[in-house]
Structures are given as C-alpha cells and as structure tokens.
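The next block holds one structure in the form of structure tokens; read it before the comments.
The values are calculated or read from the model by the stated rules, or taken from the named source; none is laboratory data. All values reported here derive from a predicted model rather than from experimental measurement. Cβ coordinates were reconstructed from backbone atoms using ideal geometry, including for glycine residues, and neighbour counts include every protein chain displayed.
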Amino acid sequence: MDQRRGGARLERERKASAQRRDILIAATERAQASGFHSATMDQIARGAGLSVGQVYRHFENKDAIIGAVAQARARKVLDPFEHHAQGEPVLETLLRDAPSALRQARDSKVAALDLEILAEAERNAVVAQVVHDVETAQLERGVEALAPFRKPGWTDDDMVARIAFLGLILDGLQLRGARGSTAAPAAMERAYRDIIAALFG
C-alpha cells in the first residue's frame, strides 16, 4: 500500500513538473512572438495544452509566470560559471562555448526574450530583482572563476570591468542580431575568441 501511495505521489509530482515546464515554454513563445504585455493567461494556457484553471494551480498570476521565465533564462546565462563550479576551468568553457554563445547572441528569438525581460523589469519588481541578481552573480562568479588569469597589478575593478565588457559584447550582438546583422559567423567567432584571449589570456 505504501509503495502504491509513493508511486502515485511521484507520478503527481512528475505531472505537475511537466505542466509547469509546458507553461513556461508557452509563455516564452508568446513573449518572443508578441511580448509579455499582450500575452493573456488564456493564450498561455492554450499554448501549454492546459486549462486556465490548471495554470493558476501553478502560478498566482501572469507576473509570477514572467518571473519564472526570467529565472529560467537567468540559469542559462550563468551556465559557464556553473561549469566552473563543477571543476571545469571557466576560460576553457568560454572559449569552447564561443560558437554557441554567438549563435544565441544572433538568435532573434533569444534577443526578443531578453529584451522583453528587461522591459518587464521596469514595471515588475520580481523580474527586476531577478535581473539584478543575475548581473550581481555574473560579476561575482566571474571574478572568482577567472582569478587564476588575473594579471599582477589588476584591481578588483579591473576584473569586474573585463567581465562586464564580455557581457556588453554579447548584449550588443543581441541587438545587432535582432536588427539582422550580416557579419559572417566564422569571422565573428574568431573575433570573439581573440577578445577573450586579449582580456584574460
């Protein structure tokens, strides 16, 4: 009997997790297509293959969904530093992942989502906190992860500036990607690798 109850509980948890994932995917797709502001709970529910009532079982309101989407995006932004936390040198991670980072930066859908999150941060305190926390975590983890590549005489401000500069490059590429950049991907990858090497090599 206990095993059956345990199995039923695990199945409910699995189903709830899958529904939550589908809601976030649907909300992300709506944001990329027409923005968070115009997305309705009905549209998000239909995109997830659920009823509006089922969506409300997982999220109090649309702002809570947007906050969860922002948090999911934040985890991807911090991925390189998570690899470092697991023992992989972060500079190697940045160089290895250069093609993927540039593809994402040139992806108009990713750019649209990030721009929507930044726009929401202006009116949604939850999203604003997520954006602030990601920026802080990027800088703090970056300084720690790249400490072995710190040159004599560099101050903490120098390290933060170099990490922030990498972020500015990728943010700028997103804007250019959203406008339809015509730069050759292979040449962009070489330039990006050269910049990483110049900053930390």
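What tally of residues in segment 12-37 results from selecting those that are basic (Lys, Arg) and at pLDDT below 90? Lay out the reasoning, then the answer.
So in segment 12-37, the residues basic (Lys, Arg) come out as 12, 14-15, 20-21, 30.
Retained after the next criterion (residues that are at pLDDT below 90): 12.
Number of matching residues: 1.
Just wondering, is there one or more residues in segment 68-84 that are at pLDDT 90 or above and over 28 Å from Tyr192 (Cβ atoms)?
Yes, that holds for at least one residue.
Across segment 136-145, which residue is surrounded by the most Cβ atoms within 10 Å (Cβ to Cβ) among those that are within 30 Å of Ser108 (Cβ to Cβ) and touching a residue at least 12 places away in the same chain (Cβ under 8 Å)?
Taking the candidates together, the pick is Gly142.
Only one of these is surrounded by 17 or more Cβ atoms within 10 Å (Cβ to Cβ) and either among the aliphatic types (A, V, I, L, M) or outside the structural domain of Ala137 (by TED's automatic domain parsing) (or both): Ala64, Ala18, Ala70. Name it.
Details: Ala64 fails: surrounded by 17 or more Cβ atoms within 10 Å (Cβ to Cβ); Ala18 fails: surrounded by 17 or more Cβ atoms within 10 Å (Cβ to Cβ).
Within the list Ala64, Ala18, Ala70, the selection yields Ala70.
Pick out the one residue from Leu168, Leu113 that is outside the structural domain of Ala27 (by TED's automatic domain parsing) and surrounded by 15 or more Cβ atoms within 10 Å (Cβ to Cβ).
Details: Leu168 fails: surrounded by 15 or more Cβ atoms within 10 Å (Cβ to Cβ).
Every option except Leu113 fails the conditions.
The rows are residues; the columns are (1) at pLDDT below 80; (2) among the hydrophobic types (A, V, I, L, M, F, W, C); (3) surrounded by fewer than 18 Cβ atoms within 10 Å (Cβ to Cβ).
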{"site": "Val55", "(1), (2), (3)": "no, yes, no"}
{"site": "Phe59", "(1), (2), (3)": "no, yes, no"}
{"site": "Ser100", "(1), (2), (3)": "yes, no, yes"}
{"site": "Arg106", "(1), (2), (3)": "yes, no, no"}
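For segment 148-157, does any single residue satisfy the condition of being surrounded by 12 or more Cβ atoms within 10 Å (Cβ to Cβ) and under 28 Å from Gln71 (Cα atoms)? Spell out the reasoning first.
Step one: filter segment 148-157 for residues surrounded by 12 or more Cβ atoms within 10 Å (Cβ to Cβ), giving 149-150, 154.
Filter once more, so that each one left must be under 28 Å from Gln71 (Cα atoms): none.
No - not one qualifying residue is present in segment 148-157.
Yes or no, residue by residue, for (1) over 17 Å from the mean Cα position of the chain (by Cα); (2) of a type outside the set (A, V, I, L, M):
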residue	(1), (2)
Leu102	no, no
Asp114	no, yes
Phe149	yes, yes
Gly172	no, yes
Arg193	yes, yes
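With out of contact with any helix residue (DSSP H, G or I) (no Cβ under 7 Å at 6 or more places or on another chain) and closer than 17 Å to Ile66 by Cβ as the only criterion, which of Arg103, Arg123 stands out?
Values: Arg103 fails: closer than 17 Å to Ile66 by Cβ.
Of the residues listed, the single one that is out of contact with any helix residue (DSSP H, G or I) (no Cβ under 7 Å at 6 or more places or on another chain) and closer than 17 Å to Ile66 by Cβ is Arg123.
Collect the residues in segment 116-133 that are surrounded by 18 or more Cβ atoms within 10 Å (Cβ to Cβ) and of a type in the set (Asp, Glu), keeping them in residue-number order. Walk me through how you get there before you give the answer.
Residues of segment 116-133 surrounded by 18 or more Cβ atoms within 10 Å (Cβ to Cβ): 116-117, 120-121, 124, 127, 130-131.
Glu116, Glu120 - these are the residues of segment 116-133 that are surrounded by 18 or more Cβ atoms within 10 Å (Cβ to Cβ) and of a type in the set (Asp, Glu).
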